[in-house]
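Inspection log for the structure reproduced underneath, given as structure tokens.
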Amino acid sequence: MPFDGEDLSVADGASELVDAEKRFRALLEAAPDAMVIVERTGRILLVNAQTESMFGYARGELLGQPVEILVPPRFRAPHQSHREGYSSHPQVRPMGAGLELFGLRKDGSEFPVEISLSPLQEDDGPLFSAAVRDVTERMAADKKIRDLAAIVSSSQDAIITKTLDGRITFWNMGAERLYGYQESEAVGRTMAMLMPPERYDEYSRLIHRLASGEQVEHVETLRVAKGGRPVDVDVTLSPLRDAAGEVVGAAAIARDISELSRAQRELTALYQQQQHIALTLQHALMGTPARIPGLQSAHCYLPATAGAGVGGDWFDLVPLPDGRIGVLIGDVMGRGLEAAAVMGQLRSAANALARAGASPDRLMQILDTIVAELPDQLVTCSYLVIDADQGKVTGCSAGHLPTLVVTEGGRGVYRLPVPTSVPLGVGGSVYREARFSIPSGAMLAFYTDGLVETPRSDIDDRIDALAAALCASAACGHSLDLTVKSVVDTVTADGDWCDDVTLVLIRMPETPTETAAVDLPCKHRSVAVGRQFAVETVDTWECPDTDTRDTIELLTSELMTNAVRHGRGAGSVTLRLLCFHDRLTVEVTDHSSREPRARTAGVGDESGRGLMLVEALAQAWGTRPTGGGKTVWFTVVPERV
């Protein structure tokens, strides 16, 4: 059947309509939002794929259904009323402006939405297009922002934001309370208004760290509030970045720690006071070691860094009756006042036993009995008796760390193999002593576990490190005082110690090359005999000059005269001469405990000049107690021996 021109025109129009519908549907599918087109009665005519995805329905399940299927039941009645009202006055506008709108998924879950309405005019009546957007994420973000804003606003801490040049851009209520400035007074001004002059450099360093992107946490510093009131604050600073990631400012959170700082200062003062009292008590219990003529010694005691700073370390130097020297060191296990009190008891007991002439093994046995009677106490202790004349030491140890012997010049070091038994207080143990030769000039090191015991190292390795430090100092020719300081500083440099620390150094006295002695009755005639013995002895040692010989004769006569006069004829007097490589020493021992004293004699006095002569002519002189009296000695240094 042939077509005329009019038929062709209709066909072209139908084709254009088909093309237009295709373009419309393509645009509908490409829309980022869910698109729902309904007719006047609210029946759904078209939906796009976004609608299917958002609401969980297949397209066929929605077409022809009332649009209220997508609205929660509680909103359907008002929604229908609003829809009918919109049909009467159609225009492009958001739906439910100012209201919270919700969509309803097929599974019954609800979600917040925004809806934009648009009328579509068709020949057979108006249609309405609804663009539905899921705003769940945006609502959550908005809520988070609101919550954060509420937190910042209500925070008790001062929260301030500022540019890198210090200009304030935000100031919360906490900042108003802390610094006294209202927001209107602070925003736009610089942080300099809060800075004391002495803190400008500190602030510049903090800003430099922030500019490099570093977060600075918990800086305790000082700020100045309104009216010049100083405020101690704890400040945390965080960099603020722009969209490109560049640091453009900083956020500061400041907390008032004035009360905390004051409390800390008071607590520190109280702690220092208590520590001072405790240390004073400990020093009183520990006592001051006796200064023994002719003995070089040095010591260091560091209180514990934990607790009250008191502990159970003690040491003592004891002049013994026969001219020997006792060295005691011990450590009561544990810390605190109880350990210090036990230490004081044991130190006094050990000192008395040593002065009474108890041998090292006997002294340990008695101390063990004492400690065993104290509840829950264990004590390590070492006792060494130095016999300088013989060049020997006798020692005994109750579980204490080994004594180190450093040879002269630091050429070698070894652990003295003293027999070591269990600590004091265990009970039932036998303590043994041993005797060793020690070369003159060697250094003996006594120490407690606080110097060498740490939680993260082997104690033998630490003792080896101590030995190496002692050798290094000796090789440098350091004095004992300097050695003690440098060694303690070196060994404790890691700061990994909390117990009290004790280090005692003794220089082994020089052994005389020659000795001679005689016991004489406490009679006046013994003065001449002793004087002659001294001269003859010095002559056999080939004394190089007559001045030294005459000095020894004169001073020996004076000391013998004093001994006989004050001894009142009781017992005997012992005269002893010792020859060292560079000096001569004379000792006179009697049974009188009366301490000799130099005094100025009157014009008519026949006595009182002896010790004045000794002090004037001798290189050194002194006295030491003995078991039943005293020993007075003097030393002269010849021009050549």
### Task
Mind checking the full-extension length gain between Lys144 and Asp550? Use 0.36 nm per residue of separation minus the Cα-Cα distance, one decimal, nm.
135.8 nm
#### Entry: Relative contact order of the chain, defined on C-alpha pairs under 8 angstrom at six or more residues apart (%)
7 percent
### Helix 546-567 vs. the chain, principal-axis angle (Cα, 0 to 90°, nearest 10)
90 degrees
#### Entry: Ordering of 125-135, 466-476 by packing [mean C-beta count within 10 Å, highest first]
466-476, 125-135
### Message
Whole angstrom only: what separates the Cα centroid of region 458-525 from the Cα centroid of region 543-557?
### Response
34 Å
## Note on the structure
Surrounding charge for Asp481, neighbours by C-beta under 15 angstrom, Lys/Arg +1, Asp/Glu -1, total +2
### Query
Taking square-rooted eigenvalues a ≥ b ≥ c of the alpha carbon gyration tensor, is region 376-531 rounded, prolate or oblate, where a/c under 1.5 means rounded and, failing that, a/b exceeding b/c means prolate?
oblate
### Query
Rounded to the nearest 500 deg cm²/dmol, what is the calculated helix-only ellipticity per residue at 222 nm for the chain, with -39500 (n - 2.57) per DSSP H run of length n ≥ 4?
-11500 deg cm²/dmol
### Task
Evaluate the relative contact order of region 349-468 (contact order divided by residue number), counting alpha-carbon pairs under 8 angstrom at least 6 apart; express in whole percent.
25 percent
### Query
Where does each of Trp541, Trp314, Trp621 land when they are ordered by accessible area, with a 1.4 Å probe and the largest first?
Trp621, Trp541, Trp314
### Carbon + sulfur, % of accessible area of region 340-455 - ligands and nucleic acids excluded, 1.4 Å
51 percent
### Summary
Along the dipole axis of the chain (charges at Cβ: +1 for Lys and Arg, -1 for Asp and Glu; origin at the Cα centre), the most positive-end residue among Ala26, Leu270, Leu617 is Leu617
#### Entry: Nearest 10 degrees, 0 to 90: helix 258-286 Cα axis against the chain principal axis
20 degrees
### Query
What is the local net charge at Ala192, summed over the other residues whose Cβ is closer than 12 Å to its Cβ (Lys, Arg +1; Asp, Glu -1)?
+4
### region 171-179 - phi-based ³J(HN,Hα) in whole Hz, Karplus 6.51/-1.76/1.60, Gly and Pro as x
8, 8, 5, x, 5, 4, 5, 6, 9
### Summary
Heavy-atom accessible area per residue of the chain, all protein chains kept, 1.4 Å probe, expressed in Å², is 52 Å²
## Note on the structure
For Asp460, the net charge from surrounding residues (Cβ-Cβ under 15 Å; K, R +1; D, E -1) works out to -2
### Query
Helix 5-30 versus the longest principal axis of the chain: what is the Cα-based angle in degrees, 0 to 90, to the nearest 10?
20 degrees
### Carbon and sulfur %, accessible surface of region 33-191 computed with the full protein complex present, 1.4 Å
55 percent
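The values are calculated or read from the model by the stated rules, or taken from the named source; none is laboratory data. Everything numeric here is computed off the predicted structure, so don't read it as measured data. Here Cβ is always computed from backbone atoms with ideal geometry, including for glycine, and neighbour counts include all displayed protein chains. When the accessible area is computed, the model is the full protein with side chains, heavy atoms only, and any ligands, DNA or RNA have been set aside. Shrake-Rupley method; radii C 1.70, N 1.55, O 1.52, S 1.80 Å.
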